[in-house]
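Reading through the C-alpha cells given below for one structure.
The values are calculated or read from the model by the stated rules, or taken from the named source; none is laboratory data. These figures come from a predicted structure and were not determined experimentally. Every residue, glycine as well, gets a Cβ built from its backbone with ideal geometry; the counts of neighbours run over all protein chains shown. Accessible surface is based on the protein model in full, side chains and every heavy atom, while ligands, DNA and RNA are left aside. Shrake-Rupley method; radii C 1.70, N 1.55, O 1.52, S 1.80 Å.
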Amino acid sequence: MLFQIQALKYLSLADTSLITFSTPIAVAFFARIFLHEPCRILSIILGVTTFGGICILARPPIITGGTEFDMNILIGISYAFTAMLFLSSVFVVIRLIKETHFSLFICFYGYLGSIETLMLAYCFDVLELPRSTYDSMIFAGGAALSLAGQIFLIMALKADFAGLVALVRTGDVVFAFIWQIILGSIPDEFSFIGAITIVTCILMTGVIKWLSSLPNDHIWRVKCWFLLK
C-alpha cells in the first residue's frame with residue numbers, strides 16, 4: 001500500500017493500476033513455488049510479455065523519440081512494480097494460512113500497518129490530526145472500505161486458486177481508466193498500448209486457470225490442450 005501511494009505521486013492513476021494489478025502474472029510464479037499450483041510454458045510467455053507492457057509504460061526514448069528517460073516515470077514504475085510484487089506475495093501468504101480466521105489476519109495487518117505508518121509519519125514530520133470534519137469522514141470512509149475489501153479478499157483467497165482471485169481483482173484497472181477520464185486526464189497512446197498488452201496477458205492467464213479447472217474430458221479442455229502445456 002505504501003509503495004502504491006508513492007507511485008501515484010509520479011504516475012497517472014491508470015498507469016499505477018496497470019502495473020500494481022498485474023499480480024496474476026507474478027502470482028502464477030509464486031503459487032508454483034509455494035503452493036505447487038501449475039505454471040505452464042504459456043504462463044512464462046505471458047509473464048515476459050507483461051514485462052514488455054510495463055516497459056512501454058516507462059516510455060523509453062527509443063519509442064518516444066526523446067533523448068533520455070523521464071526519471072519521474074522510472075521512479076513511479078519502480079514503486080508500482082515493488083507494490084505489485086508485495087501484493088502478489090500477500091495473495092500467496094493468505095493461501096498458505098487459509099485455515100486461519102480472517103479476523104486474526106486483519107488484526108495483525110492493522111496492527112503492523114499502524115506501527116509502520118505512525119513511525120513513517122513521525123520521521124517525515126507529517127503526523128497530525130485531520131483538520132476538518134470532512135477530512136475525518138474521508139479518512140474513516142476510506143479505512144472502512146479498505147477493511148471490507150481486505151475481508152472479502154481473504155475470504156475469496158481461502159476458497160479459490162490464488163491466480164484466479166488475482167485475476168478478478170484486476171477489474172480495478174478498468175475503473176482506474178474510467179475515473180482518470182472522468183477527472184479530465186486522458187491517458188496517452190503509451191498508456192493504451194501498455195494497457196492492451198498487460199490486460200491481454202491477464203485475460204489469457206484467466207483462460208488458462210479456467211481451462212485447468214475443467215475435467216480432463218471436457219470439450220474446451222480437449223480443444224485448447226496446447227494452452228495447458
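Some points to look at:
- Of the DSSP H helices in the chain, those with a Cα length along their own long axis of 27 Å or more and a mean Kyte-Doolittle hydropathy reaching 0.0 comprise 71-96, 102-123, 133-159, 189-212.
- Per DSSP, loop chymotrypsin sites (Phe, Trp or Tyr not before Pro) in the range 40-85 with at most 15 further Cβ within 10 Å: Phe69
- Given (1) 7, 27, 33, 23, 8, 1, 0; (2) 6, 22, 24, 23, 16, 7, 1, 0; (3) 6, 24, 31, 21, 13, 4, 0, the label whose value is P(r) over Cα pairs in 10 Å bins from 0, in percent derived from this model: (1)
- Cα centroid of the range 49-119 to Cα centroid of the range 25-44, whole Å: 18 Å
- FRET E, pair Ile33, Leu118, Förster distance 30 Å, beta-carbon r, rounded to 0.05: 0.35
- Solvent-accessible surface of protein heavy atoms, probed at 1.4 angstrom with all chains present, puts His101, His218, His36 in the order His36, His101, His218, largest first.
- Within the same chain, aspartates and glutamates fewer than 8 places from Lys9 are excluded, and of the rest, those with a Cα less than 19 Å from its Cα are Asp70, Asp125, Asp172, Asp188.
- Heavy-atom accessible area order for Asp15, Asp70, largest first, 1.4 Å probe: Asp70, Asp15
- The 1.4 Å probe gives accessible areas that order Glu189, Glu68, largest first, as Glu68, Glu189.
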